[in-house]
Amino acid sequence: MSKSASHSKDKNWWRQATVYQIYPRSFADSNGDGIGDLKGVTSRIPYLQKLNLDAVWLSPFYPSALADGGYDVADYRDVDPRLGTLADFDELLAELHKVGIRIFVDIVPNHSSNLHVWFKEAIDAKPGSAARNRYIFRDGKGVNGELPPTDWVSHFAPSAWTHESAMGGKHNQWYMHWFAPEQPDFNWNNREVEDEFLTTLKFWADRGVDGFRIDVAHALKKDLSEPLRSLPVFEDLEQRGNKGKGVLADRNELFQIYKEWRKLFNQYDPPRVAVAEANVHPDRVPLYASAKTLGQSFDFRFIDTPFEASSYKENVQDALKVAEKNKSSCTWALSNHDQIRHATKMGLNPAVNRKAWMLSNGTSHPLDMASGTQNALAATLFILALPGSTYVYQGEELGLHEVTDIPENQIQDPQYLRNNKIEKGRDGCRVPLPWKKTGSSFGFGTGGAHLPQPQWFADYSVEAQESDAQSSLGTYRQALALRKKLVTEEKIKWHKTKDVSVLHFSRPNGWHCITNFRAISYPMPKGKVLISSHPLQDGKIPAGTTVWFKK
Ligand code: NOJ
Ligand code: CA
C-alpha cells in the first residue's frame with residue numbers, strides 16, 4: 001500500500017505535522033519567465049520528499065495583479081496563467097499525494113482584488129445596489145462627501161477608504177480596504193458572500209485539497225452599524241482583548257461562519273483541516289482553533305521572540321496551555337513570507353532596531369550571518385521537538401538570510417510602496433530560492449528571477465549543501481526524518497539545568513531535547529545523541545546548539 005493510501009484515513013494527521021510553506025512565485029520556475037510556477041513545484045517534489053514533510057501549504061497562486069504578492073485575488077477558483085493551469089494544479093496535487101505529502105491552499109476571504117468580477121460590477125453599479133452590497137461602500141463626510149467616512153487606517157495605506165473615482169467609479173462613494181486600495185474588503189454581513197466562499201472551499205476540497213490556511217481570519221466580520229464607529233489608533237485595529245466586540249476584527253459573529261465551514265470540512269473523509277491566521281489576544285485563540293471552528297490557529301509568538309531561554313520557555317508553556325484548553329495542538333513557526341528571515345534576526349544584535357536596519361539596506365549594523373544560521377538551526381531543532389505542528393517557510397532549511405539590499409526601483413511590496421516608505425517591506429524573504437551554486441538565477445529557472453538574488457546565495461544553495469550532512473539542509477533533513485519516528489504523545493516534561501540559559505525537556509518516549517542558548521558551553525547529559533544542530537565540543541554543548549538524545 002502506498003504511503004498516501006495508508007495515511008489517508010488518519011483524522012489526526014495534522015496535530016503534529018510538519019507543513020512546508022511554498023511561496024509559488026519564488027520557489028522554482030519551469031519555463032524561464034523569471035516567475036516560479038506550479039510545474040516548478042511539481043519538478044521539485046523529490047526535494048520536498050527528502051525533507052520528510054507531511055504537507056505543503058501554497059501561498060496564493062490564483063489570478064492576481066500582484067498588488068499584494070497574490071493576496072489580491074481576482075478569481076478564487078482558478079490559477080494565474082503565469083503560474084499554470086488548473087490541470088497543473090491537479091497534477092501537482094496528485095504527485096504530492098503519491099509520495100504521501102498533503103496540500104494546503106491559502107484562502108483570502110477578507111478582501112478580493114479590485115479586478116475581481118464582483119468588484120468590477122460594484123464599481124459600475126449604483127449606490128445602494130446589490131452589487132455594491134457585496135463590499136463596503138459608504139458616502140463620505142464633508143459638505144460634498146469629499147472626506148473618508150471614518151478615520152480607519154489601513155495596513156498599507158494611510159486610510160482604509162478610497163474614493164471610488166480612483167477605480168473608475170462615477171458616483172461619489174468610498175469603499176473600505178484594510179490592506180491596499182487594490183484589496184477591497186468584502187461585506188460579510190451579506191449572505192451571498194458567505195455562500196460564495198462555501199462554494200470556493202468546496203471547489204478545492206472536491207479537487208482533493210487536504211487543508212486551508214485562512215488569511216486574516218479575524219477580520220471578516222466588522223461592526224458596520226451606523227454611524228460607523230471611530231477607530232483612530234492603528235494598534236487598536238488589532239482589537240487585542242476586545243472581548244469580541246471590536247470594530248474591525250475578532251468579533252464574536254465570526255465563529256458562526258467558521259462553524260459552517262467546519263460542517264463542510266467534516267463532510268470529507270478524512271475531514272479537511274484549516275489553520276487560522278488570526279492576530280488576536282491569546283485568550284481568544286481557542287475560539288478560532290476549536291474543533292467546532294477552524295481547528296488550528298497560528299502561534300506567531302516565536303517569530304518575534306529573541307533567541308533566549310526564559311522567553312522560549314514562557315512561550316511554550318503558554319501555548320501548551322492554550323492548546324489544552326481547546327483540545328487543539330500547537331502551531332509553531334519561526335518564519336513566513338511576511339517576516340524577516342529568522343536566521344537574520346538571530347544574527348543581529350537584539351538591540352538593533354530592525355525596521356531602521358532594513359531601511360538602511362542592512363548597512364547600519366553588522367550582521368553575523370554564520371551565528372545567525374547557527375542559532376536559527378538550534379531554534380528549529382528546539383521547536384521541532386515540541387508537540388504540535390511546525391510550519392517551515394521555504395528557504396529556512398537552507399539557513400537562508402533576508403536580502404536587505406533590494407534596490408528601491410525593484411521593490412514590489414505595498415508595505416513599502418503604499419505606506420510612505422516607512423518600512424522596507426517583505427520582498428527580502430521572497431527572493432527566489434538558490435538551487436545551484438552558479439548559473440541563471442542560481443538554478444531557480446533559466447530566465448532570471450523576479451527579485452534580485454545576491455552573490456552570497458551561491459553558498460546557501462541546495463547544491464552547496466546537498467552532500468553535507470552537517471549543513472543546514474542536511475540537519476533539517478535528518479531532524480525531520482527523526483521527528484517522524486520519534487513523535488509521541490502530546491506532552492512535555494521540563495528538566496532542571498544548572499544554567500538559566502539552557503533549556504531541557506523530554507517527551508514521554510524518552511526523547512530529550514536540550515538547547516544551550518548562550519552559556520559558554522554546557523555538559524552533555526548522559527544518553528545517546530540523535531542529532532545535534534552544531535557539533536559538540538569535547539563532549540560539551542556549545543552556545544547556540546540544540547541536541548536531541550534518548551535515555
Ligand atoms: C496576511 C498575509 O500573510 C500577507 O502576506 C497579506 O499581505 C495580508 N494578509 C493581506 O492579505
Ligand atoms: Ca514561470
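The values are calculated or read from the model by the stated rules, or taken from the named source; none is laboratory data. Just so it is clear, the model here is predicted, and its values are computed rather than measured. A quick note on method: Cβ atoms are made from the backbone with ideal geometry, for glycine too, and the neighbour counts reach across all protein chains shown. Keep in mind that these areas ignore ligands, DNA and RNA; they rest on the heavy atoms of the full protein, side chains included. Shrake-Rupley method; radii C 1.70, N 1.55, O 1.52, S 1.80 Å.
Pairs of Lys residues in the stretch 265-381 that lie 8 or more places apart, or on two chains, and have C-alpha atoms under 28 angstrom apart add up to 10.
Can you give the percent of C-alpha pairs in the stretch 384-512 whose distance is more than 19 Å? Display every interim value, and only then the final one.
Details: 5228 of 8256 pairs.
Tail fraction, whole percent: 63.
Taken along the Cα-to-beta-carbon direction at a fixed 7 Å, the label points for THR199 and GLN267 span 1.4 nm. Calculate how steeply helix 191-207 sits against the longest principal axis of the alpha-carbon atoms of the chain, using the helix alpha-carbon long axis, and give the answer as 0 to 90 degrees to the nearest 10. Tilt relative to the chain: about 40 degrees. The stretch between THR488 and ALA351, if pulled fully straight at 0.36 nm per residue, gains 45.5 nm over its current Cα-Cα span.
Each residue, VAL117 and LYS325, gets one label point 7 Å from its Cα in the Cβ direction; the gap between the two is 4.3 nm. Which of rounded, prolate, oblate describes the chain, given a ≥ b ≥ c as roots of the alpha-carbon gyration tensor eigenvalues and a/c under 1.5 marking rounded, otherwise prolate only if a/b is larger than b/c? Prolate, because a/c is 1.5 or more and a/b exceeds b/c. Near PRO454, once Lys and Arg are set to +1 and Asp and Glu to -1 for all other residues with Cβ below 11 Å from its Cβ, the sum equals -3.
Approximating the spin labels as points 7 Å out from Cα along Cα→Cβ, the ASP206-to-SER225 distance works out to 3.9 nm. Taking LYS202 as the anchor, which aspartates and glutamates have their alpha carbon closer than 18 Å to its alpha carbon, excluding any fewer than eight residues away along the same chain? Once the sequence-local aspartates and glutamates are set aside, what remains near LYS202 is ASP75, ASP78, ASP90, ASP106, GLU192, GLU194, ASP210, ASP215, GLU260, ASP269.
State to the nearest 20 debye the size of the charge dipole of the stretch 117-176 about its Cα centre, where the only charges are +1 on K and R beta carbons and -1 on D and E beta carbons.
On the way: 7 positive and 6 negative charges, 33 e Å.
Value, rounded to 20: 160 debye.
Using a 1.4 Å probe and counting only protein heavy atoms, arrange ASP299, ASP283, ASP368 so the residue with the most accessible area comes first. Could you put the intermediate results ahead of the total?
Details: ASP299 20, ASP283 105, ASP368 75 Å².
So the residues, ranked largest to smallest area, are ASP283, ASP368, ASP299.
Would you work out the charge dipole size for the stretch 357-483 about its Cα centre, treating the Cβ of every Lys and Arg as +1 and the Cβ of every Asp and Glu as -1, and quote it to the nearest 20 debye?
On the way: 9 positive and 13 negative charges, 53 e Å.
Charge dipole of the stretch 357-483: 260 debye, to the nearest 20.
Treating r as the C-beta distance of LYS496 and ASP10 and R0 as 30 Å, the FRET efficiency rounds to 0.25.
Taking every DSSP beta bridge with both residues inside the chain, roughly what % is antiparallel (nearest 5)?
55
Calculate, in nm to one decimal, what LYS540 and ASN189 gain on full extension: separation in residues at 0.36 nm each, minus their alpha carbon distance. Each step should come with its number before you reach the end.
Values: separation 351, 0.36 × 351 = 126.36 nm, distance 6.01 nm.
Net length gain for the segment: 120.3 nm.
Taking Cβ atoms as reference points and 13 Å as the exclusive limit, the residues near GLN267 contribute a net charge of +1, counting Lys and Arg as +1 and Asp and Glu as -1. With unit charges on the beta carbon (Lys/Arg positive, Asp/Glu negative), name the residue among TRP332, HIS171, PRO407 whose Cα is farthest towards the positive pole of the charge dipole of the chain. In the chain, that residue is TRP332. Between the helical axis of 254-265 and the longest alpha-carbon principal axis of the chain there is an angle of about 70 degrees. Under 5 Å from the amide H of THR390 lie the amide H atoms of ALA17, THR18, VAL19, TRP332, each residue being 5 or more positions distant or on a separate chain, with H modelled from the backbone and absent for Pro and chain starts. Relative to the dominant Cα principal axis of the chain, helix 472-486 is inclined by about 90°.
Here ASN133 and SER43 are evaluated by their C-beta separation; at R0 = 45 Å the FRET efficiency comes out at 0.50. Assign one of three labels to the stretch 293-410, namely rounded, prolate or oblate, based on the Cα gyration tensor with a ≥ b ≥ c the square roots of its eigenvalues; rounded applies when a/c is under 1.5, prolate when it is not and a/b is larger than b/c, and oblate otherwise. Because a/c hits 1.5 or more and a/b exceeds b/c, the stretch 293-410 counts as prolate.
The separation of the stretch 310-358 from the stretch 247-304, counted between C-alpha centres, amounts to 20 Å.
Cα centroids of the stretch 405-453 and the stretch 510-540: 37 Å apart.
Quote the charge dipole size of the chain about the Cα centre in Debye, to the nearest 20; the model charges only the Cβ of Lys and Arg (+1) and of Asp and Glu (-1). Mind dumping the intermediate values first?
Working: 67 positive and 65 negative charges, 475 e Å.
Dipole about the Cα centre, nearest 20: 2280 debye.
With contacts taken as Cα pairs under 8 Å and at least 6 residues apart, the chain reaches a relative contact order of 13 percent.
Summing Lys, Arg as +1 and Asp, Glu as -1, what charge do residues with Cβ under 12 Å from the Cβ of VAL500 carry, VAL500 excluded? Don't jump to the answer; show the numbers that get you there.
Values: positive: LYS313, LYS496, LYS498, ARG518; negative: GLU308, ASP499.
Charge balance in the 12 Å sphere: +2.
At a probe radius of 1.4 angstrom, the accessible area of the chain per residue rounds to 39 square angstrom.
Positive end of the dipole of the stretch 490-550 (Cβ unit charges, origin at the Cα centre): among GLY510, TYR522, THR497, the Cα lying farthest that way belongs to GLY510.
Over the Cα atoms of the stretch 490-550, Rg to Rh with Kirkwood Rh, two decimal places? Walk me through the numbers before you get to the answer.
Details: Rg = 10.7 Å, Rh = 11.5 Å.
Looking at the stretch 490-550, the ratio lands at 0.94.
How large is Rg over Rh for the stretch 1-130, taking Rg from the Cα atoms and Rh as the Kirkwood inverse mean of 1/r across Cα pairs? Don't skip to the answer; put the middle values down first.
Details: Rg = 17.1 Å, Rh = 16.1 Å.
Ratio of gyration radius to Kirkwood radius: 1.06.
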